[in-house]
Amino acid sequence: MAISWTAKKQMIFLAIFLLVIVIVIAIVFAKATRPTCFDAKQNQKEEGIDCGGPCPKKCLGEIKEPIVFWSKVFKIGEGRYDAVSLVQNPNIFLFVPSVKYQFKLYDRNNILIAVREGKTFFNSGETFPIFGANIDVGSRLPERVFIEIEKNIQWERLDKEREKPQLVVSKKDFFNTEPFPRLFAAIANKSIFNVDNVSAAAILYDKDKNAKGVSVTRIDVIPAGGSYEAVFTWPAPFSEEPALSEIFLRTEIK
């Protein structure tokens, strides 16, 4: 049976239409499955998942969680306490400009009696104390304190070597006297540039290296090649003379 010219023409149009549909589907599928820097896969010669290689985002490598060595509370007055945690960022090439944390104070019955929130920064590879000052607990007695550092920290990688300030404690003198014990520390800036916004924390220890007291002060600027005498105080003399002291100096390295 012969096919009319009209039928042949319709079949040709139908074939062309189907071919166009197949080509469009193939293009859409190719675009949908093409490796990208946002597909949660390590492909297209990426160094990690969606990072490195052709992707603009740098790979962070193995990320380690911050280490908390110890946390303690120190009474500074009636119903008022300082909370301190000694923390380390073990990531040598990672830093973060802002991290949230919470101090949680508990009584002897493990009942939460106070919370103090704050923010700090983590320089790469740095060990430092986080300090919560003058926490009001009312008539309750804190037996222990824990620090909670936020999860899923948005670490940043050091793309280039940032010049770290050379701050050195050249001299320390402690006086366990009335009315307030004092620690004088001479801090020298060996850098060739001024160092601004320095946080200085002094920790006193007993002979077993248990922390007995912490004091923190802020220094606006230490000029290049200059020095500064920091003074740390405590609310009352210690019944037992501290065996040693340690001073931590830090400023945000930008």
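The values are calculated or read from the model by the stated rules, or taken from the named source; none is laboratory data. Everything numeric here is computed off the predicted structure, so don't read it as measured data. Every residue, glycine among them, receives a Cβ derived from its backbone with ideal geometry; neighbour counts consider all protein chains shown.
Structure summary
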{"quantity": "Residues of the stretch 84-137 that turn out to be more than 25 Å from Thr217 (Cβ to Cβ), aromatic (Phe, Trp, Tyr), modelled with pLDDT of 95 or more and within 13 Å of the chain's Cα centre (by Cα), as a count", "calculated": "0"}
{"quantity": "Those residues of the stretch 107-117 which are loosely packed, with under 15 Cβ neighbours inside 10 Å and assigned to a strand (DSSP E or B), in sequence order", "calculated": "Leu112, Val115, Glu117"}
{"quantity": "Residues satisfying the stated conditions in the stretch 83-131, i.e. in contact (Cβ under 8 Å) with a residue 24 or more places away in the chain, among the small types (Gly, Ala, Ser) and on the phi < 0 side of the Ramachandran plot", "calculated": "Ala83, Ser85, Ala114, Ser124"}
{"quantity": "Selected residue [over 30 Å from Val99 (Cα atoms), of a type in the set (Val, Ile, Thr) and at pLDDT 75 or above] from Ile63, Ile27, Ile21, Ile76", "calculated": "Ile21"}
{"quantity": "Hits in the stretch 170-179 - residues which are in contact with a Pro (Cβ under 7 Å, 6 or more places away or on another chain) and exposed (fewer than 13 other Cβ atoms within 10 Å of the Cβ)", "calculated": "Phe175, Thr177, Glu178"}
{"quantity": "Selection within the stretch 162-178 - part of a strand (DSSP E or B), within 29 Å of the chain's Cα centre (by Cα) and without any contact (Cβ under 8 Å) to a residue 60 or more places away in the chain", "calculated": "Val168, Ser170"}
{"quantity": "Test for Ala186: is it part of a strand (DSSP E or B) and either at pLDDT below 95 or surrounded by fewer than 17 Cβ atoms within 10 Å (Cβ to Cβ) (or both)", "calculated": "yes"}
{"quantity": "Selection from the stretch 53-102 of residues that are closer than 24 Å to Phe38 by Cα and β-branched (Val, Ile, Thr)", "calculated": "Ile63, Val96"}
{"quantity": "Matching entry among Leu141, Leu158, Leu167 (being in contact with a Phe, Trp or Tyr (Cβ under 8 Å, 6 or more places away or on another chain) and either buried (at least 18 other Cβ atoms within 10 Å of the Cβ) or of a type outside the set (Lys, Arg) (or both))", "calculated": "Leu158"}
{"quantity": "Subset tally (residues that are among the aliphatic types (A, V, I, L, M), touching a Leu at 6+ places or on another chain (Cβ under 8 Å) and under 17 Å from Asn152 (Cβ atoms)) for the stretch 94-140", "calculated": "1"}
{"quantity": "Scope the stretch 146-160; condition under 20 Å from Val115 (Cβ atoms) and in a strand (DSSP E or B); matching residues", "calculated": "Phe146, Ile147, Glu148, Ile149"}
